[in-house]
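Where a number appears in this text, it was derived from the coordinates with a stated rule and is not lab data. Note that the structure is predicted; figures quoted are calculated from it, not measured. Cβ placement follows ideal geometry from the backbone for every residue including glycine, while neighbour counts extend to all protein chains displayed.
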Amino acid sequence: MKYFLILSIAIFLLVACSQNRENAAVVADSAKSNSAAAPEGTVIPAGADTSVKITEAYARLVAKDAYFWAWPLVNMYNRRMAFKDVKELALAGPLIMAPLNRFAMLTDYVIPTERAIACPNQDVVYGIGCLALDQTPVVIQVPDFGDRFWVYQIVDLRTDGFAQLGKMYDAKPGFYLLAGPDWNGNIPQGITKVFRSSTNTGLVGPRVFMDDTPEDRKAIQEVLKSVVMYPLEEFDGKMKTIAWADIKKLPGGDGGKEEAVWVKPETFFDELPTVLNDARPLPGEEARYSQVLAVISAARKNPDLKKALISAATEADQQVIKPLMEFRNWGIQLPHHWSSVKNGASWGTDYFTRTAVAKSNILVNNPNETRYFYQDLDSSGKRLNNGNRYTLTFAKDALPPVNGFWSLTLYNQHHFFEINKLNRYSLGTKNKSMKKNDDGSLTIYVQANPPAEEWQSNWLPAVEKGDFSLYLRTYWPKETVVNGTWSPPAVVRIK
C-alpha cells in the first residue's frame, strides 16, 4: 500500500508538470501571435490620441464625469487663489485672512454670518490658511495645550489628510515641517517631524476646544498666541507668538445666504489642467487624466466643443452636485435616518463621497479625529422643519462616547447658522448648564420657540423659517464610534 501511494503521487506530479509545460507553450504561442500581428516597434499609446476629431456628445460625456470627480480639487485650488493676493494677517468681517503659507487664528467662536466654509462649528477656536508648498515648506508650531483638546486639520488638494497633529496622537509641543512632493532640502535641527504632502496646494485649520464660559474664553488666549505657521526660511528654533486679538480689522461685506461659490462651470475646464498638474494621478487614474486633458486640448481649438463642455458641466452641477447638499442623499445609512462616512479625509478614489462631503461640509477630519453624523429627517422619515418641535434624548450614561468632546449643531438649509436671540447654535460638552431628566437621561429640545422655562438651557433654537439639518460631532471618538457600533438616538417629533 505504501509503494502504491508513492507511485500515485509520482504519476500525479508528472501529469501536472506536463500540463504546466503545455500551458506555458500556449502562452508563448499567443505572445508570438500577438507580436506577429503588430509591426515591430509599435508602441501602445499611454493615453488618448489628441490628434483625432471627437464628437460633441463624447466631449459632454467626459466633461460631466470630470466635473464630478474633480469638483473638490478645483474647489480647493480656488480657495488658494483667493488667498494669493493677501498681504497681511487680518480679520475681514467674519473671515480671517492670511497670506499663502501662513494662517490666521480667531480668538473666539466663528461669527454666525460666516459663509466661506459650510457647516462651521461653535465648539472650537478656528484658524485657517492655505498652503503653497511649491513656493516653500512651512513650519507649524505646536504649543503646550495642557489638558485642552486640540487638533490641526492638514489636507492636500484632494482634501485628504496628510499630517497627524492633535491630542489623539499624543503630539508633543514643538516645530513640525510640511513639505511638498518635490522638496528635497535640508531639514533644520529642531524640527520634530516632517509631513509630506502629495500636492503643493493644501489647507491647514487648527481647532482648539473652548467651553462656553467667560473664564475659558480668557484662559485660552495665551496658548492661542503660539499657534502659528510660517515659511521655513523664518524658522530659528524659537517659539514665535502673535497676538491674534490685535491683528488688523477690515470691514466685511454681506456674505449672502449660501456658501461662497468656489467652482464655476464656465471656468472649470480652464482651471483643470493646472489643478491636475498639481494633483498627480493616483494609481489607476492615468487614463482618466489623459482622457479629460485630451478633450480640453480639443476644445481649445474648437469653440463649439468648449461650449459643449460648459453646458455639460452646468448640467452636472445642477443635476448631480447640487442634490449632494442634502445629507440624506448620500453616506452610510444608520438607524433613525442618521448618516455618516467612515473614510473622512482619506478619500483616495472614492469620488462620490469626496464630492458629496466637499459640497455639503468640506474639510472634515479623519474618523479617529472626528466622526460626524448627519440628519435631515425625524424618526418617521419626514424632513426636519421649523414648523415642528423635536427632541433628541441620550439615555443615562449613553452620551456620545468620546475622549475629546461632542456637540449637536443646527444648520439652515444652506448649512450655515441663522442668527437667533440666544446666539446659541450648538449644545454639547462645552455647555455647563444643561439639565438632565430625573432618570439621568439628557434631552435636547430642537424647536423655533422656547420650551418650558426649566428646559431652556437644553434648547437648541431652530431656524425661523424652512427646513434645517442636525449635525452631531464626536471629537476624538472612542472605538465604539469609530467602528460603527454606536450611532445617535432618534430625532422625535413632538405631537
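A few comments on the model shown:
- Ranked by the mean number of other Cβ atoms within 10 Å per residue, highest first, peptides 125-132, 327-334, 205-212 order as 125-132, 205-212, 327-334.
- 5 angstrom amide H check on W459, placed H, neighbours 5+ away: Y445
- Kirkwood Rh and Cα Rg combined as Rg over Rh, evaluated for segment 287-381: 1.11
- Cα centroid separation, segment 450-485 to segment 310-375: 19 Å.
- Measuring against 29 Å, Cα to Cα, the residue pairs K84/K342; K167/K396; K238/K430 contain K84/K342; K238/K430 as the ones spanning a longer distance.
- Ranked list, fewest to most other Cβ atoms within 10 Å of each Cβ, for I140, I187: I187, I140
- Fully extended contour minus Cα-Cα distance, from S441 to A287, at 0.36 nm per residue: 49.9 nm
- With θ taken as phi - 60° and the Karplus curve 6.51 cos²θ - 1.76 cosθ + 1.60 applied, the whole-hertz 3J(HN,Hα) list for segment 336-349 is 6, 6, 6, 9, 7, 9, 10, 10, x, 6, 9, 6, x, 9 Hz, x standing for glycine and proline.
- Pairwise Cα distances in the chain exceed 35 Å in 43 percent of cases.
- In this calculation the C-beta distance from D134 to K172 is compared with R0 = 25 Å, giving a FRET efficiency of 0.30.
- Taking amide H as placed 1.01 Å from N in the peptide plane, the amide H of G466 sits under 5 Å from that of N386, G387, each at least 5 places away or on another chain.
- Reach of K436 by Cα under 16 Å, taken over aspartates and glutamates that are not fewer than 8 positions away in the same chain: D397, E453, E454
- Whole-number Å³ per residue for the convex hull built on Cα positions in segment 126-244: 102 Å³
- Computed [θ] at 222 nm, helices only, for the chain once each DSSP H run of length n ≥ 4 contributes -39500 (n - 2.57): -9000 deg cm²/dmol
- Under Karplus coefficients 6.51, -1.76 and 1.60, residue-wise ³J(HN,Hα) of segment 216-233 in Hz, glycine/proline x: 6, 4, 6, 5, 6, 4, 5, 5, 4, 4, 9, 7, 9, 9, 7, x, 4, 4
- Segment 327-494 - convex hull of the alpha-carbon atoms, volume per residue in Å³: 113 Å³
- Long-range amide H partners of V110 with built H, under 5 Å: Y126
- Virtual spin-label span in nm between E222 and M434, 7 Å along Cα→Cβ: 3.0 nm
- Under Karplus coefficients 6.51, -1.76 and 1.60, residue-wise ³J(HN,Hα) of segment 412-417 in Hz, glycine/proline x: 6, 5, 9, 6, 10, 6
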